[in-house]
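Everything on this sheet refers to the single structure shown next.
Just so it is clear, none of the values below were taken in a lab; they were calculated from the coordinates. Here the structure is a predicted model, which means the values were calculated and not measured. All Cβ positions, even for glycine, are placed from backbone atoms using ideal geometry, and neighbour counts span all protein chains on display.
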Amino acid sequence: MRLKRDFTKLLDINEEEGMHLLERAKILKKIRNNKKEYKPLKDRTLAMIFEKASTRTRVSFEVGIHELGGHAIFLTAGETQIGRGEPIKDTARVLSRYVDAIIIRTYSQDIVEELACWASVPVINGLSDLYHPCQILGDLFTIEEVKGDFRNLKIAYIGDGNNVANSWIEASILFGLNMAIATPKNYKPEETLLEQAKKNKGFTFIDDPYEAAKDADVVNTDVWVSMGQEQEKQERKKAFVAYKIDEKLLKNAKNDAIVMHCLPAYRNQEISEGIFERFQDVIFTQAENRLHVQKALLEWLIKNE
């Protein structure tokens, strides 16, 4: 038995723990594909707090805890006392008396961290404005599945310096990745993370998407307008016009490069229709793999071994 652990960001774990989770995800995917029963979390309960809309995060966690033998309780701010102003620390302490883990999908990273601070059960960041760690864990698993050891590949992220970009930077720090990130100058990722990542010789941050894609094995992108940024839509579409993943940009990557997108995708904005459909199998496998890595995460955090 070890102390309670949380997963509020990728750097909450070390490299060895990260590789363990990816290996467990591989085993859990095989168990599921072989239709074998594995219920290590029988009668355990996961509270799911959602302040943002969701498809993949909600369904993958709900299915995941069910397949491991437990069950989920879905909570929105409007259906709980959080929506009436109850302090996060009180919600954390109450839920800890009822459930075995909490996942939260919210706006502020401060809320995630406050919840983790006061909860006596593990807290998982399902998404905040600053980080999206479960997504990147699933992406790394997908790259390993499709292309082999991600530590031997060049990974490019092109687009908005958002929560996905920040978590990719954390991944580059955690695993020493050969990584290039390209964003417009006014849409950079978190500065403190960039400074930390620059200590890794394999990390590059530039504003030239074509240079970032050069000789890449994996090209990654995300939407240009995230939830809560709708009022910036037109301004952002102008700023990101050169950052679209299309045939022209992909010519700079390796011939056998793959393209990934965390979804939802807006065709002919951040990615062309043709490129999306060419790599749709990778992209939807990427979405599926959220389930497997999150099951590994739930098993690891709740069993506390």
Next on the checklist: Less than 16 Å apart at the alpha-carbon level, and either on another chain or at least 8 residues along: which aspartates and glutamates does that give for Lys30?
Outcome noted: Glu67, Glu144, Glu145, Glu288, Glu299
Checklist outcome for this item: Whole-Hz Karplus couplings 3J(HN,Hα) for segment 243-259, θ = phi - 60° and coefficients 6.51, -1.76, 1.60, Gly and Pro as x, run 9, 6, 7, 9, 4, 4, 5, 5, 4, 7, 7, 5, 4, 9, 5, 10, 10
Item to check | Stretchable slack from Tyr210 to Thr192, in nm (0.36 nm times residue separation minus alpha-carbon distance) | outcome: 4.0 nm
Checklist outcome for this item: Ranking Val225, Ser128, Ile103 by how far each Cα lies towards the positive end of the charge dipole of the chain (+1 on Lys and Arg Cβ, -1 on Asp and Glu Cβ), the top one is Ile103
Checklist entry - Once amide H atoms are placed 1.01 Å from N in the peptide plane, what residues at a sequence separation of 5 or more from Val219, or on another chain, have their amide H within under 5 Å of its amide H? => result Ala156, Ile258, Val259, Met260
Checklist entry - Quick one: Thr8, Thr192, fewest Cβ neighbours within 10 Å first, how do they rank? => result Thr192, Thr8
Checklist entry - When the Cα centres of segment 169-215 and segment 224-270 are compared, how far apart do they sit, in Å? => result 17
Checklist outcome for this item: Once both label points are put 7 Å beyond Cα along the C-beta direction, the Gln280-Lys303 separation in nm becomes 3.7
Next on the checklist: Springs between alpha-carbon pairs under 10 angstrom, Gaussian network model over the chain: which of Gly138, Gly85, Gly274 fluctuates most?
Outcome noted: Gly85
Checklist entry - If one takes the longest principal axis of the Cα atoms in the chain, at what angle in degrees, from 0 to 90 and to the nearest 10, does the Cα axis of helix 88-98 lie? => result 60
Checklist entry - Once both axes come from the Cα atoms, what is the angle between helix 15-33 and the longest principal axis of the chain, in degrees from 0 to 90, rounded to 10? => result 80
Next on the checklist: Using a Gaussian network model on the chain with a 10 Å cutoff between Cα atoms, which of Lys233, Lys154, Lys52 fluctuates the most?
Outcome noted: Lys233
Checklist outcome for this item: The set of residues whose placed amide H lies less than 5 Å from the amide H of Trp224, leaving out same-chain residues fewer than 5 positions away, is Glu270
Next on the checklist: Please list, ordered by chain and number, the residues whose modelled amide H lies under 5 Å from the amide H of Asn178; skip anything fewer than 5 residues away on the same chain.
Outcome noted: Leu153, Ile155
Checklist entry - So, with +1 on the Cβ of K and R and -1 on the Cβ of D and E, and no other charges, what is the size of the charge dipole of segment 174-268 about its Cα centre, to the nearest 20 debye? => result 140
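What order do you get for Phe240, Phe276 when you list them from fewest to most C-beta neighbours inside 10 Å? Before the final figure, lay out each step's value.
Working: Phe240 22, Phe276 18.
Lowest to highest Cβ neighbour count: Phe276, Phe240.
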Checklist entry - In what sequence do Val223, Val63 fall when counting other Cβ within 10 Å, fewest first? => result Val63, Val223
Item to check | Gaussian network model of the chain, Cα within-10 Å springs - most flexible of Met19, Met179, Met48 | outcome: Met19
Checklist entry - Using the beta-carbon distance between Val63 and Lys233 and R0 = 41 Å, what value does 1/(1 + (r/R0)^6) give for FRET efficiency, to the nearest 0.05? => result 0.80
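Please work out the Cα convex hull volume for segment 135-286 and give it in Å³ per residue.
Working: hull volume 15.0 nm³, N = 152.
Cα convex hull per residue, to the nearest whole number: 99 Å³.
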Checklist outcome for this item: For the chain, longest principal axis from Cα atoms; helix 109-118 axis from its Cα atoms; angle between them, nearest 10 degrees, is 30
